[in-house]
Amino acid sequence: MKLSINHQSKLPLHIQVEELLRKLIEAPEFRNGKFLPKEVELANQLGVSRNTIRQATNKLEHEGLLIRKKGVGTTVGSKIPLSTGLEYWYSFTQEMKQLGIDVINLKLQAQFVLPDEHIAGVFKIRANKKLLKLSKLKGTGTDPIVYFESYFHPRIGVQEQDDFTIPLYVMLEKKYGVKAVRSFENIKAILAGPFAPLLKLRKNDPVLFRERFVYDPGDRLVEYNLGYYRPDRFTYSINLKR
């Protein structure tokens, strides 16, 4: 595997090294016990100091992903992370296709809006700074299943005319060079309220609400996504592996 980092990137070197090591950890040969390159070898190949390498490996060792033995070498730890990169995530439409369900966009709209106080606080931007809002109502035929609202950080430059019919994270990486690697989610039950007409529910009917924060390798917020699921049409499953 060719090892390299971008010295022109604004992303700190130790974070780039950390992301590179996380990829190495996933490689079959290292999962099977092969020793990772030594610190001095990595430093020479990547053109960074040994302290930069050590800063990255210390964090991974603390997470239990690496085991270092003095005078022996570094191997992959036995602790498998509970969270994975977005390359293992599927879009809602793709997930439904795997279940044999043909889901379509019943509504798709992209427009620039002024954020309310909450969303401005999420992105840490001024309330008079417009950002792109993407609305998607998905379902089968005329039967809605879920309504999504996505907001994107203004620094990305997402436009209204972008092709939002393709997988979102694929589009962001190919067109804007933005790679989403981590998400944090909150899930709870709420009343349908103003979203009731879209989902063909009554205002006091319950919906499954999912709040998602998506981050890039520099731990910067990329997308703030809100999902409103019909509870009678959808089950939100979480599969954890140890």
Discussion item. Going through the cross-link list Lys175/Lys200; Lys23/Lys70; Lys2/Lys175, which pairs have a Cα-Cα distance over 28 Å in this structure?
Written reply: Lys175/Lys200
Item to complete: Obtain the radius of gyration and the Kirkwood radius of the chain from its C-alpha atoms and give Rg over Rh.
Response: 1.03
Worksheet entry | Neighbourhood charge, 11 Å Cβ-Cβ cut-off, centred on Ala196 and excluding it, Lys, Arg +1 and Asp, Glu -1 | +3
Practice prompt. Once you've got the Cα coordinates, tell me which of Lys10/Lys69; Lys10/Lys179; Lys107/Lys179 are over 23 Å apart.
Written response: Lys10/Lys69; Lys107/Lys179
Worksheet item: Given the options Ala43, Ala180, Ala110, which has the most mean-square fluctuation in a GNM of the chain, springs set between C-alpha atoms less than 10 angstrom apart?
Response: Ala43
Worksheet item: How many percent of the alpha carbon pairs in region 86-229 exceed a separation of 25 Å?
Response: 28
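Values in this text are rule-based calculations from the coordinates and carry no lab data. Just so you know, these numbers come straight off a predicted model, no measurement behind them. So basically every Cβ, Gly included, is an ideal-geometry build from the backbone, and we count neighbours across all protein chains shown.
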